[in-house]
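Input: a single structure, listed below in structure tokens.
No value in this document is a laboratory result; all are computed from the given coordinates. Everything numeric here is computed off the predicted structure, so don't read it as measured data. So basically every Cβ, Gly included, is an ideal-geometry build from the backbone, and we count neighbours across all protein chains shown.
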Amino acid sequence: MGFDNEIICTDRNGIQNQFKYSIEESEENGKVKWIFRVMPFDLISTDWFEFAITVINPTIGKVTVMDNRNMVQYRGKGITEKMIEEAANVLELTIISSTNNPQNKSLSTEWRTPAADIIWERLKGKGLATYNTEADIYTFIKRQ
């Protein structure tokens, strides 16, 4: 697994931080799942930040993992927001959130945490996401 891709994330204090990430194709519930593993730019860490997109259909990918493993070098760094944007560009998909509405779940293992709500609400506040109340799904708006 090569950490060949680079991203710059803006943390909660407005400071930019460089990271590297790898991407790997996997499978979940019979669907393609893209796993992104993010590491500090110098690659010195005991673990990585994991982020995953499960392809729901040819145009839509759903965020199914955003896990900083509660490690200080990943918390509050803006990695998730950047990876949503990066996934939309790299995978050429519309990126949506998971839902807690049972009628709109496309995966049996699907849910969205309160921490994820905060991230999606922050994107919505910046005009980078919309929210469908009925479906309980956020949709990332790609920058043109």
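Just a few scattered comments:
- Applying a threshold of 7 Å to beta carbon distances and a minimum spacing of six or more residues, or different chains, the list of pairs starting in region 130-143 at a residue that is more than 13 Å from ALA116 (Cα to Cα) and without any contact (Cβ under 8 Å) to a residue 40 or more places away in the chain and ending at one that is in a loop (DSSP other than H, G, I, E, B) and among the β-branched types (Val, Ile, Thr) reads THR130/ILE141; ALA135/THR99.
- Of the residues in region 85-95, at least one is touching a residue at least 60 places away in the same chain (Cβ under 8 Å) and out of contact with any helix residue (DSSP H, G or I) (no Cβ under 8 Å at 6 or more places or on another chain).
- If you filter region 29-49 down to residues that are charged (D, E, K, R) and crowded, with 17+ Cβ neighbours inside 10 Å, you find that the one that is nearest to SER97 (Cα to Cα) is LYS33.
- Those residues of region 20-51 which are touching a residue at least 40 places away in the same chain (Cβ under 8 Å) and of a type in the set (Phe, Trp, Tyr), in sequence order: TYR21, TRP34, PHE36
- Residue satisfying all of: in region 33-73; of a type in the set (S, T, N, Q) and assigned to a loop (DSSP other than H, G, I, E, B); nearest to ALA88 (Cα to Cα) among these: THR59
- Of the residues making up region 63-109, those that are among the small types (Gly, Ala, Ser) and surrounded by fewer than 20 Cβ atoms within 10 Å (Cβ to Cβ) are GLY76, ALA88, SER106, SER108.
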